[in-house]
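Participant: Here's a structure for you.
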Amino acid sequence: MSLYTCGPTVYNYAHIGNLRTYIFEDIVKRTLLADRYRVKHVMNITDVGHLTSDADEGEDKMEKGAKRERRSVWDIAAFYTDAFKQNMRELNILDPDIWAKATDHIKEQVAWIQKLEKLGYTYQISDGIYFDTSKFPSYGALTGQKLHELKEGARVEKNAEKRHPTDFALWKLSPQGSKRQMEWPSPWGTGFPGWHIECSVMAQKFLGETIDIHCGGIDHIPTHHTNEIAQAEAVTGKPFVHYWVHGEFLVLNKIKMAKSGDHFITLQAVKDKGISPLAYRYFCLGAHYRSKLTFSWDALQGAQNALDHLYKEVESYGSPKIGCAEYEQKFSRTINDDLDTPRALAIMWDLIKSKNPGSAKKQTLLMFDKVLGLRLDKVKKEKMTVTDAVRELVEKREQARKKKDFKKSDELRKRIQEQGYDVQDTDRGPVIKKIRR
Ligand code: AMP
Ligand code: ZN
């Protein structure tokens, strides 16, 4: 089974909205593995060519990120790629078999554009080579809209030279007189690839002309994935993908979470509140992947409490022995019913409440966890070893709070967090919690 998932554009940290998509894709993959498919999974890293608008306008996100941080684009790419991989590990997301980097595949992308050119799908205007969407009759099929509807829906066109609003850049030429940090020679002049071409080219390089499953966030349907299909199928004449699977967005009080803008919560921000990455994973599993999920800190704390409860239960069970077949079948049926993770979690809690012996429950939970990925196999009694120094800081903070010196109390909380702990203020006084990393 071949699986391609669109990866991050590495100009900033991933926000927890992005991470919801990778968690959903991990469930797709783990379900296939649990069903005993062999999966070959490729994820790309976009380190060039993604402009600030998906419609080929604005600055390159990477060059913009480099300017913001006064570092080289290559540094930015390496730094945020590492940060992303770290997030993946913390969320217990399985690594792809192949990480494919856009800048490692410039030659292949140029060669693909040449093929499109030969077949008559391209035209050149002053800022680059474009794909002529009118030449590809089924353009836009993924959206369920006709080409003229897509055109009408396209926003006001900024590039007057484009023949049709839906046409998109395959190769962008470096602007005259300015040197970009990332640019390459090509038959059309020095420049860089458009964003969409990398996925069509790298997916086919590693997975063949037709791939089984291709995933991404729902925002990719109208532009990125629609363009991936056009570029790929125009050359091969074969279906590019058998199944497209898209995940809905994480939203903040109905506001979309964007990588640029104020509503930007990272996994680090979650950890800073004393909430574990796996609690965020649990939170995501509580919603179906095709539903919007509204984020709130309260709901996330609820997920942490549920996960703590789950770990406590698992801790109390004996060594795993013959599982509960009835629950295992139910779980498997449910997760295979369009990846119904909320119901799968409900089955898990039913099992926990059931009268089955602990050893059987544990065996079955470990089987569930192959898909859920909550690290139930690693649950062990984690002793809280709060040092005297931490207790002293908590005591000082409590005194500062009593005097309503909130500035001092915040400073002290920071120092407590640096020691790996957090305090929760309850009616019974401060409760010390270990921060899970
Ligand atoms: P990017 O790094 O911007 O290319 O985005 C990485 C992935 O996150 C893509 O698959 C997007 O579709 C997805 N994505 C972006 N914003 C959100 C969001 N708020 N909720 C869920 N997924 C998102
Ligand atoms: Zn892609």
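The values are calculated or read from the model by the stated rules, or taken from the named source; none is laboratory data. What you see is a predicted model; the values in this text were computed from it and never measured. Here the Cβ is made from the backbone with ideal geometry for all residues, glycine too, and neighbour counts use every protein chain on show.
Participant: Whether any residue in segment 329-348 is under 23 Å from ARG36 (Cβ atoms), more than 29 Å from the chain's Cα centre (by Cα) and free of Cβ contacts under 8 Å to residues at least 40 places away in the same chain is what I want to check.
Facilitator: Among the residues of segment 329-348, at least one is under 23 Å from ARG36 (Cβ atoms), more than 29 Å from the chain's Cα centre (by Cα) and free of Cβ contacts under 8 Å to residues at least 40 places away in the same chain, which makes the answer yes.
Participant: Name the single residue, out of those in segment 1-60 being acidic (Asp, Glu) and more than 9 Å from the chain's Cα centre (by Cα), that is farthest from ligand 2 (Cβ to nearest atom).
Facilitator: ASP35
Participant: Residues ILE229, ILE265: which one is assigned by TED's automatic domain parsing to the domain that holds ALA14 and surrounded by 17 or more Cβ atoms within 10 Å (Cβ to Cβ)?
Facilitator: When all the criteria are applied, what remains is ILE229.
Participant: Another question, then. Condition first: within 19 Å of ASP104 (Cα to Cα) and over 18 Å from the mean Cα position of the chain (by Cα). Now tell me which residues in segment 67-85 satisfy that.
Facilitator: Correct list: SER72, VAL73, TRP74, ASP75, ILE76.
Participant: Checking the condition in contact with a helix residue (DSSP H, G or I) (Cβ under 7 Å, 6 or more places away or on another chain), assigned by TED's automatic domain parsing to the domain that holds THR210 and not small (Gly, Ala, Ser), which residue from LYS64, LYS40 passes?
Facilitator: Just a single option satisfies the conditions, and that option is LYS40.
Participant: Could you tell me whether segment 10-20 includes any residue that is basic (Lys, Arg), buried (at least 20 other Cβ atoms within 10 Å of the Cβ), in contact (Cβ under 8 Å) with a residue 40 or more places away in the chain and under 27 Å from HIS288 (Cα atoms)?
Facilitator: yes
Participant: Among what's in segment 183-208 and is within 27 Å of ASP97 (Cβ to Cβ) and part of a loop (DSSP other than H, G, I, E, B), pick the residue that is farthest from the chain's Cα centre (by Cα).
Facilitator: Looking at residues that are within 27 Å of ASP97 (Cβ to Cβ) and part of a loop (DSSP other than H, G, I, E, B), I get GLY208.
Participant: Check off (1) touching a residue at least 60 places away in the same chain (Cβ under 8 Å); (2) buried (at least 16 other Cβ atoms within 10 Å of the Cβ); (3) more than 16 Å from ligand 2 (Cβ to nearest atom) for VAL245 and give me the number that stays unchecked.
Facilitator: The number of the failed condition is (3).
Participant: Residue by residue through segment 202-215, note down the ones that are of a type outside the set (Ser, Thr, Tyr) and either outside the structural domain of CYS6 (by TED's automatic domain parsing) or on the phi < 0 side of the Ramachandran plot (or both).
Facilitator: Answer for segment 202-215, where residues must be of a type outside the set (Ser, Thr, Tyr) and either outside the structural domain of CYS6 (by TED's automatic domain parsing) or on the phi < 0 side of the Ramachandran plot (or both): MET202, ALA203, GLN204, LYS205, PHE206, LEU207, GLU209, ILE211, ASP212, ILE213, HIS214, CYS215.
Participant: Restricted to segment 161-182, and to residues that are assigned to a strand (DSSP E or B) and of a type outside the set (D, E, K, R), which residue is farthest from ILE106 (Cα to Cα)?
Facilitator: Out of the qualifying residues, it is PHE168.
Participant: Please report, ordered by residue number, the strands (runs of 3 or more DSSP E) entirely within segment 1-103 with at least 1 residues that are within 16 Å of ligand 1 (Cβ to nearest atom) and more than 24 Å from ILE218 (Cβ to Cβ).
Facilitator: In segment 1-103, the matching strands (runs of 3 or more DSSP E) lie at 98-101.
Participant: Something else about it: Please tell me if ASP75 is assigned by TED's automatic domain parsing to the domain that holds MET202, among the acidic types (Asp, Glu) and touching a Lys or Arg at 6+ places or on another chain (Cβ under 8 Å).
Facilitator: It is false that ASP75 is assigned by TED's automatic domain parsing to the domain that holds MET202, among the acidic types (Asp, Glu) and touching a Lys or Arg at 6+ places or on another chain (Cβ under 8 Å).
Participant: Could you tell me which of the residues VAL28, VAL48 is under 22 Å from ARG375 (Cα atoms), surrounded by 18 or more Cβ atoms within 10 Å (Cβ to Cβ) and in contact (Cβ under 8 Å) with a residue 12 or more places away in the chain?
Facilitator: None of the others qualify; the one that does is VAL28.
Participant: Which of the residues belonging to segment 365-421 are over 30 Å from ARG30 (Cβ atoms), in contact with a Leu (Cβ under 8 Å, 6 or more places away or on another chain) and in a loop (DSSP other than H, G, I, E, B)?
Facilitator: GLN419
Participant: Counting just the residues of segment 181-209 that are among the hydroxyl-bearing types (Ser, Thr, Tyr) and more than 16 Å from ligand 2 (Cβ to nearest atom), which one comes out surrounded by the most Cβ atoms within 10 Å (Cβ to Cβ)?
Facilitator: Going through the qualifying residues, I end up with SER186.
Participant: What about ILE113, is it within 19 Å of GLY217 (Cβ to Cβ), in a helix (DSSP H, G or I) and touching a Ser or Thr at 6+ places or on another chain (Cβ under 8 Å)?
Facilitator: For ILE113, the condition - within 19 Å of GLY217 (Cβ to Cβ), in a helix (DSSP H, G or I) and touching a Ser or Thr at 6+ places or on another chain (Cβ under 8 Å) - is not met.
Participant: Also, I was wondering about something else. Kindly indicate whether ALA299 is at pLDDT 95 or above, closer than 23 Å to THR31 by Cβ and small (Gly, Ala, Ser).
Facilitator: no
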